[in-house]
Amino acid sequence: MALLSILKYPDPRLNTVAEPVTEVNQEIRQLVKDMAETMYAAPGVGLAATQVDVHKQVIVIDVSEAKDELLVLINPEILESSGEAECEEGCLSVPGVFDRVVRSENVRVSALDDNGNRFQFDARGVRAVCVQHEMDHLKGIVFVEYLSRLKQERIARKMRKAERLAL
C-alpha cells in the first residue's frame with residue numbers, strides 16, 4: 001500500500017468529473033487500499049478518488065470511532081433522499097477550513113463493493129453527509145462551492161498562501 005498525495009483546493013483538477021469504473025479489477029482494488037491508507041493517515045473520514053487525482057468513481061468512508069468499518073463505494077448512486085440537515089463540514093482537500101452546508105439527512109445508496117458486487121444501504125446523520133460530500137467530489141464539486149463567493153475567494157487565498165509557505 002502507498003500513501004497518495006491529496007490535491008488541495010483551489011487545484012482545478014478537483015473540478016474534474018470522475019468516470020464510472022467499467023471493471024472492478026486488481027488495479028481498482030489497489031486504489032481502494034491506497035485510498036483507505038491515505039484517508040486513515042490524513043486523518044479523515046472519507047476520500048474520493050478525485051482528491052488523489054484519479055478520476056474514477058471510487059470512494060472510501062469510515063465514520064466509526066474505532067476506524068474499523070471501511071465502506072467502499074464504486075459507481076455510487078443516490079436512489080432516494082429525505083429530510084434536511086445543516087452540518088459543519090471539513091475536507092482533506094481544504095485542510096483547516098470548516099463551514100456549515102445543508103444536505104439531505106437520509107439517503108439510500110446503491111454502489112459496487114471492491115469485489116464488484118452491487119449493494120444498497122441507508123445512511124443517516126454523519127454517514128449520510130459524508131456520502132453526499134464524497135459523491136460531490138466525483139461530480140467535480142468541493143464543499144466550499146456551496147459557500148458564498150466571498151468565502152470561496154478568502155479560502156482560495158488562504159490555501160494558496162499556505163501552499164507558498166510550505167515550499
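Where a number appears in this text, it was derived from the coordinates with a stated rule and is not lab data. In this text the structure is predicted, and so the values were computed from the model without any measurement. Heads up, the Cβs are rebuilt from the backbone with ideal geometry, glycines too, and the neighbour counts pull from every protein chain shown.
Numbers at a glance
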{"read-out": "Descending semi-axes in whole angstrom, ellipsoid equivalent of the chain, from the Cα gyration tensor", "value": "24, 20, 14"}
{"read-out": "GluC sites (Glu not before Pro) lying in DSSP loop within region 1-37, provided at most 10 other Cβ fall within 10 Å", "value": "E23"}
{"read-out": "Cut-off 12 Å between beta-carbons: net charge of the residues surrounding V102, Lys and Arg +1, Asp and Glu -1", "value": "-4"}
{"read-out": "Of L14, L47, V58, farthest towards positive along the dipole that unit charges on Lys, Arg, Asp, Glu beta carbons give the chain", "value": "L14"}
{"read-out": "Lysines with Cα under 17 Å of K151, excluding same-chain neighbours fewer than 8 positions away", "value": "K8, K161"}
{"read-out": "Positive-pole candidate from N75, A166, C130, dipole of region 15-167, charges at beta carbon", "value": "A166"}
{"read-out": "Sum of -39500 (n - 2.57) over DSSP H runs of 4+, divided by residues of the chain (222 nm, nearest 500)", "value": "-9500 deg cm²/dmol"}
{"read-out": "Magnitude of the charge dipole, the chain, Cβ model with Lys/Arg +1 and Asp/Glu -1, debye to 20", "value": "820 debye"}
